[in-house]
Amino acid sequence: MAPAADRPGYWGSPTSTLDWCEENYAVTTYVAEFWNTVSNLIMILPPICGAIQMIQDGLETRYLAAFLGLTAVGLGSWCFHMTLQYEMQLLDELPMIYSCCVFVYCLYECFKHRNSHNYLLAFILILFSLIVTTVYLRLKEPVFHQVMYGLLVSSLVLRSVYIVTWVYPWLRGLAYTSLGLFLTGFILWNLDNIFCDTWREARQKMPPVLGAVTQFHAWWHILTGLGSYLHILFSLYTRTLYLKYRPRVKFLCGIWPMILVEPPKKL
């Protein structure tokens, strides 16, 4: 039975294996979890701009795939939290695995010749994705998905620490900001899960605006979305430095970070 604060809505009763702490259909009858839905915009719009930039700069397709992969996660998560239907849950969770595999490939292939391909690593990551997909569709156990996703993220953390410790230490700010945002989002995600009853009870007594601030799963989206975007920038910066390009960080409107890549100087 749904918690008392939940309401019936356009998409019917949830069929997903997860129903997060945000009260269902509290803002509008057409969106099950309003704040958990709109917070995905940070994973949709900026990566699309990044993908366009990759095409304009003529950079490697792997980074176009990375930006589009993050966009796919944002779109899937939007559909999941808007409907709380099982099919939409898969549209959220499985692209998390696939896009993270793309991130792993990009970061572990930073120090190779331009347009080189590591077919063995690509095969391993594709096989990993297929195994996770098959097992998850059979088990329908969210903890399994979370552990597999955690393994991929851990491999990215280890590689990032290696790069900023031994190769490009001046990129520590970018790398550690990305990791710090992701870790903060993970902490808030856990606080939202563990103390859900407390947050729900508190929101009953709060003004709606203040209650929205306590939607920590939405903050998980914002912080991990930004952290993932910055990770792609870190990976791209590392790659273009190795290829003797001249990357630099530019802040769009003085706020949003982007990487502009100038071609190598002609000798």
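The values are calculated or read from the model by the stated rules, or taken from the named source; none is laboratory data. Nothing here was measured: the structure is a model prediction, and the numbers come from that model. Glycine also receives a Cβ, built like all others from the backbone with ideal geometry; neighbour counts cover every protein chain displayed. Note: accessible area is taken over every heavy atom of the protein model, side chains too, but ligands, DNA and RNA are not part of it. Shrake-Rupley method; radii C 1.70, N 1.55, O 1.52, S 1.80 Å.
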Index of the failed condition, residue 56 passing every other in (1) at pLDDT 95 or above; (2) open to solvent by 20 Å² or more (accessible area, probe 1.4 Å): (1)
Tally of residues being buried (at least 20 other Cβ atoms within 10 Å of the Cβ), part of a helix (DSSP H, G or I) and not charged (D, E, K, R) across region 234-267: 6
Failed item in (1) open to solvent by less than 60 Å² (accessible area, probe 1.4 Å); (2) closer than 30 Å to residue 109 by Cβ, with residue 18 passing the rest: (2)
Members of region 97-123 found to be open to solvent by 30 Å² or more (accessible area, probe 1.4 Å) and under 20 Å from the mean Cα position of the chain (by Cα), listed by number: 98, 102, 105, 108
Some residue of region 209-224 being loosely packed, with under 12 Cβ neighbours inside 10 Å and on the phi < 0 side of the Ramachandran plot: yes
For residue 7: the one exception among (1) in a loop (DSSP other than H, G, I, E, B); (2) open to solvent by 70 Å² or more (accessible area, probe 1.4 Å); (3) touching a residue at least 24 places away in the same chain (Cβ under 8 Å): (3)
Answer residue from region 181-219, given it is in a helix (DSSP H, G or I) and of a type in the set (S, T, N, Q) and is farthest from residue 229 (Cα to Cα) among those: 198
Residue in region 207-219 that is under 30 Å from residue 116 (Cα atoms) and either under 15 Å from the mean Cα position of the chain (by Cα) or not aliphatic (A, V, I, L, M) (or both) present: no
Residue that is nearest to residue 17 (Cα to Cα) [pool: residues in region 74-92 that are of a type outside the set (Ser, Thr, Tyr), open to solvent by less than 10 Å² (accessible area, probe 1.4 Å) and assigned to a helix (DSSP H, G or I)]: 89
